[in-house]
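The values are calculated or read from the model by the stated rules, or taken from the named source; none is laboratory data. As the structure is a prediction and not an experimental result, all values here were calculated from the model. No Cβ is skipped: glycine too gets one built from the backbone with ideal geometry, and neighbour counts run over all protein chains shown.
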Amino acid sequence: MKTPVEKRKPNGILDYLALALTTVGVGYIPGAPGTYGSAVAVGAYLFIGRLEFSTSLHAIVSGLRLNDVTIIHAGVNAVLLTLFCLIGIAAAGRSIPFLGNNDPSEAVVDEVMGQLVTFCFVPFGLPWPFILAGFLLFRLFDIWKPYPVRDLEILPGGLGICADDIVAGVYAGLCLAIGHAVYLFV
């Protein structure tokens, strides 16, 4: 639910950093900024997957077992995503007065969070049709906003901007995981 707020200019480095993180560099592009934010997250997912593949090879050559490497990567990814979400929620809340709205379309950090949450439900290294499916499933749930996704928009500040997308990412991730499991076992 978009409600106008008194707009003001950023003042200081923290305000500009919050605004930069909130818009992720694509929030001001006309058209479909939420879709652009999701695309940025897909790019980040592919980059992280490539990085983890190369570190896995190095770890295996160094003597670690693949299971150990997978567990380490999962833990690191969970911590990093949690930190990103907490910092993104704070940045989105701080950016509300600069964007003049309590749920501005320029704020796309929430789409990045939701899209990354979607991919938490499946392993890295998916074939491109699953990556596309994850992208489309998240966009579907983000736009459709089934219960209770829409209701989360009333939360205050940055939490209201981000919580609905995080839950939409959970819905999309569950659907993607089911689709991936069916693919593996059929």
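Suppose the filter is touching a strand residue (DSSP E or B) at 6+ places or on another chain (Cβ under 9 Å), loosely packed, with under 12 Cβ neighbours inside 10 Å and either among the basic types (Lys, Arg) or modelled with pLDDT of 90 or more (or both); does residue 2 pass it? Answer is yes for this residue. Scanning segment 10-25 for residues that are surrounded by fewer than 20 Cβ atoms within 10 Å (Cβ to Cβ) and either among the basic types (Lys, Arg) or touching a residue at least 24 places away in the same chain (Cβ under 8 Å) (or both) yields 10, 14, 15, 17, 19.
Going residue by residue through segment 59-82, is there one that turns out to be modelled with pLDDT under 90 and of a type in the set (Lys, Arg)? Yes: one or more hits.
Looking only at segment 21-49, residues that are out of contact with any Pro (no Cβ under 8 Å at 6 or more places or on another chain), closer than 15 Å to residue 113 by Cα and among the small types (Gly, Ala, Ser) come to 8 in all.
Every condition in (1) of a type outside the set (D, E, K, R); (2) surrounded by fewer than 19 Cβ atoms within 10 Å (Cβ to Cβ); (3) in a loop (DSSP other than H, G, I, E, B) holds for residue 39 except the one numbered (3). Report whether or not residue 164 is farther than 29 Å from residue 17 by Cβ, assigned to a helix (DSSP H, G or I) and out of contact with any His (no Cβ under 7 Å at 6 or more places or on another chain). No; evaluated as a whole, the condition is false for this residue.
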